Amino acid sequence: MLAPLSPFEAYRSDLDRFSKRSEFGNADTVWLLLTHCLGRLSRVGDGVREQLAVQSAEALRDLIETTDAVGVDSSSHQNDLRLIVAGLSVIDTRSGADAVSRACRGFAARMAEAGALSVAYSVLGYTRAAVVQASDRERGLLAADQARVARQLGELETSDELYRMAALIGDRSGDQELQSRASLGRGVLARVRGNYPKARVFFQNGLSMAIAAGGRELQYFAHQGLTITAAMTGDYDGSLEHSWAAFRMSDGDATKEAESLTNMAQVCLMSGYPAAALRSFLSALSRTTVLRVRLSALGGAALAAGQTADRMRLDRLALEIRNTVERSSLPFENAQALQHLAQGYQALGDEVTAERFRQDTLAIAKAKGFHELQVTSERMEIARAATKPDPRDLEVPTRELVSNLEQFEPETDESAFVLTRSG
């Protein structure tokens with residue numbers, strides 16, 4: 001299993017993935033101190049553990065008074081900082097350990113969204129070792145969150161091992177929400193590896209457990225996964241139904257809406273409706289700054305632009321993809337966006353440009369072991385994927401959904417791309 005790095009090793013590793021960044025933001029100092037404190041706590045014996053936890057709480061408490069000075073005004077940041085200070089003071093109790101776990105999961109989520117994946121992975125790893133008194137729920141969630149970050153780092157074997165740990169904790173405690181989360185995570189891993197039938201089983205199991213647990217957010221993620229796997233097995237009606245269900249469960253969350261629209265657009269591409277796909281992709285781009293979602297929408301929009309012979313928009317998308325990949329530390333998403341860009345230029349008949357982006361895709365896929373992307377990046381596969389399929393016959397409800405997308409007037413390109421510059 002991938003071992004957590006020291007605070008500065010993790011931080012430097014993350015920055016090394018970016019050629020034009022020297023920091024991630026104003027919270028970097030807090031992140032480094034937090035990682036340092038947790039790393040020490042994870043290694044000490046019981047004799048000095050309580051004293052060290054109190055010292056760590058005092059050091060972090062001092063930061064609460066200076067947070068404004070470093071320009072960090074996020075309410076989530078402030079709340080998690082206070083929560084971890086309170087939890088560290090009584091870390092050897094169930095409530096204290098759970099408080100530390102919840103706060104660190106919040107910090108790790110923000111680290112990962114900023115691109116500091118190694119720091120996020122290390123924080124979660126140290127936390128798992130430090131909160132020995134935590135509840136089954138929190139220990140399982142820590143493992144599942146660390147598994148997700150490992151997948152984003154391209155460490156698929158480590159991710160699978162951590163999801164299995166989360167699943168075992170969920171099985172032992174009878175926690176259906178945790179079981180659902182672990183099953184959905186393993187579904188994503190199966191999808192990344194190209195095993196869509198296996199992924200579909202994991203997602204269906206995850207959906208059933210999410211419904212039983214009443215977890216609306218997990219149902220959303222299950223429908224997202226089933227959108228993709230149904231499409232990849234040729235069930236376009238089922239895929240569009242799942243994507244619409246996911247959109248309805250977004251509950252006004254702009255990023256979730258963007259993810260749903262992106263998946264819906266991808267299904268439109270696969271079933272032969274590139275105009276509807278392009279409008280849906282652009283609408284998704286106007287909703288979120290999250291790199292993971294933007295890379296998916298940008299790549300899909302590039303292929304849709306190629307299939308609709310929109311060279312001007314494709315060139316604009318190519319520039320956005322290059323700029324986004326440059327500041328992204330998400331290897332699978334980067335490679336996939338570049339592959340779709342290659343397909344977009346192939347659809348236009350520009351084989352020279354398509355080959356350049358194909359080679360960029362292969363470089364990442366080979367380095368990270370993304371075998372599915374390697375196979376689909378062969379020249380013949382790029383050409384096949386670039387060819388617009390004949391429109392598939394859809395059932396009445398799903399055909400009406402596609403028709404509505406085709407008539408939809410998306411936000412302008414400018415409103416979609418401005419988020420790349422500001423994100």
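None of the figures in this text is laboratory data; all of them are computed from the coordinates on show. Predicted model, so just to flag it, every value in this text is computed and none were measured. All Cβ positions, even for glycine, are placed from backbone atoms using ideal geometry, and neighbour counts span all protein chains on display.
Miscellaneous remarks
- Principal semi-axes in Å for region 106-173 [√(5λ), Cα gyration tensor, largest first]: 19, 14, 9
- Estimated vicinal HN-Hα couplings, Hz - region 345-359 in sequence order (Karplus 6.51, -1.76, 1.60; Gly, Pro = x): 6, 5, 4, 7, x, 8, 6, 5, 5, 4, 5, 4, 6, 5, 5
- With both labels modelled 7 Å from their Cα along Cα-to-Cβ, the ASN26 to ASP136 distance reads 4.3 nm.
- Put in order of Cβ neighbour count within 10 Å, fewest first, the listed residues THR93, THR227, THR127, THR289 become THR93, THR289, THR227, THR127.
- Sequence ranges 379-389, 291-301, ranked by mean other-Cβ count within 10 angstrom, highest first: 291-301, 379-389
- Phi to ³J(HN,Hα) by Karplus 6.51 cos²θ - 1.76 cosθ + 1.60 over region 388-404, Hz, x for Gly, Pro: 5, x, 5, x, 7, 6, 10, 5, 3, x, 6, 5, 5, 5, 5, 4, 5
- Separation of alpha-carbon centers, region 271-288 and region 140-198, rounded to whole Å: 30 Å
- Order of LEU394, LEU162, LEU168, LEU282 - criterion: other Cβ atoms within 10 Å of each residue's Cβ, fewest first: LEU168, LEU394, LEU282, LEU162
- Burial ordering of VAL192, VAL48, VAL396, VAL325, fewest other beta-carbon atoms within 10 Å first: VAL396, VAL48, VAL192, VAL325
- Per-selection Rg to Rh, region 1-134 - Cα, Kirkwood hydrodynamic radius: 0.95
- Per-peptide average of other Cβ atoms within 10 Å, ordering 209-217, 229-237, 148-156 highest first: 148-156, 229-237, 209-217
- Take the Cα of ARG248, step 7 Å toward its Cβ, do the same at ARG193, and the gap between the two points is 3.4 nm.
- Table column - 3J(HN,Hα) (Hz), region 81-94, Karplus curve with 6.51, -1.76, 1.60, x for Gly and Pro: 5, 5, 5, 6, 4, 5, x, 4, 5, 9, 5, 8, 10, 4
- If you take the Cα centroid of region 94-108 and the Cα centroid of region 351-384, the two points sit 41 Å apart.
- Only aspartates and glutamates eight or more places from LYS368 in sequence, or on another chain, were considered; those with a Cα closer than 19 Å are ASP14, ASP16, GLU155, GLU157, ASP160, GLU161, GLU326, GLU333, ASP360, GLU378.
- Sequence ranges 1-7, 99-105, ranked by mean other-Cβ count within 10 angstrom, highest first: 99-105, 1-7
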